[in-house]
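Step one of this worksheet: look at the structure below.
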Amino acid sequence: MGQGNETVVTEFILEGFSGLNQRLQLFLSLVFLLIYLTTVMGNATIIFLVCVDNRLQIPMYFFIGNLAFLEICFTSCTSIKLLVILSSGRRTISVSACFVQSYFYFALGCTEFILPVVMSFDRYLAICQPLRNAAIMTQQLCILLVVAAWVACFTFMSYHLVLLSKLTFCGSNKIQHFFCDNSPLFQLSCSDTNLLWRIDSVLILFAVLASLCLTLSSYVCILFCILRMPSRRKKAFATCSSHLTTLAIAFGSCLDLYSHPSERVSLETNKLVALLNTVLYPFLNPFIYSLRNKLVVLVLKDAIAHATAQLFPQSRCISGQ
């Protein structure tokens, strides 16, 4: 297409779930709002407990606290706009805001795959090498690993902005999705996206598969180790199976989303799978990693009891009489 015939696109329209009637969209907005608030409150509670209680000042909970903060950022990146679309019908987003949302989605998603690698390695040391765990997983190393994960992923995913900047949009500006994902942007572009899609897919799949292999390697070592611990076998298997279930949702959804050529992707299916990654996975993590943990539950009960005593000191005096 000639340069003179191109119409510059300055904003996109996120179609979201426009095929549904208005009442159903409003109902979905309430459901997603409840899930989002529960996700934020659950993860914020974990962060608060890890920061204030000395019993949780160990590497495992330090990583869980960082994962909780990451989940708040990751789900907020897409869920807030989804709630606006469903509740008010405001679907427009500028091109620059769209690219920024896409960058943060992939950068935070990459970090979300790297942190479980670090956490699984910490669990391996704690279960299989308990005598060496304290000496290896020092506070300085924990901080270094977390900072390295964030910096490496945000730096690595900067290539994504470069690829997006090479796309030209000269036709329809309607994105058949609820956020600025790769496939709808590539399908909407009037550029030749074959090479860009290959580069993007290879790099994304490399990050996903590399982190998946490293995480599974740690869990395989853990499973072989706990087979020799009959007294702790049942609890360890239950913990590992719940962790692997959430990881299966995250890794499985990403492999499904980004392992197919963009022109072959069904955007309706893409949207449903993306909900698993952006809504369900962050929602499950507080319950899987923390709120099923006896120590976390105990610390939470103590915090509630302390807060109640501070708010209602008279009831404490009456109960003590």
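Here, each number is a calculation from the coordinates, and none is a lab measurement. Keep in mind that this is a model prediction, so the values were computed, not measured. All Cβ positions, even for glycine, are placed from backbone atoms using ideal geometry, and neighbour counts span all protein chains on display.
Summary table below
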quantity	calculated
Neighbour cut-off at most 12 other Cβ (10 Å), DSSP loop, chymotrypsin sites (Phe, Trp or Tyr not before Pro), the stretch 165-224	none
On Cα atoms only, tilt of 294-311 relative to the major axis of the chain in degrees	80
Nearest 10 degrees, 0 to 90: helix 59-88 Cα axis against the chain principal axis	40
Peptides 28-36, 272-280 ordered by average Cβ neighbours within 10 Å, highest first	272-280, 28-36
Per-selection metrics, the chain (Cα): Rg and Dmax in Å	22.5, 87
Among CYS77, LEU26, PRO59 the positive-end extreme of the charge dipole of the chain (Cβ point charges)	PRO59
Degrees between helix 233-258 axis and first principal axis of the chain (Cα, 0 to 90, nearest 10)	10
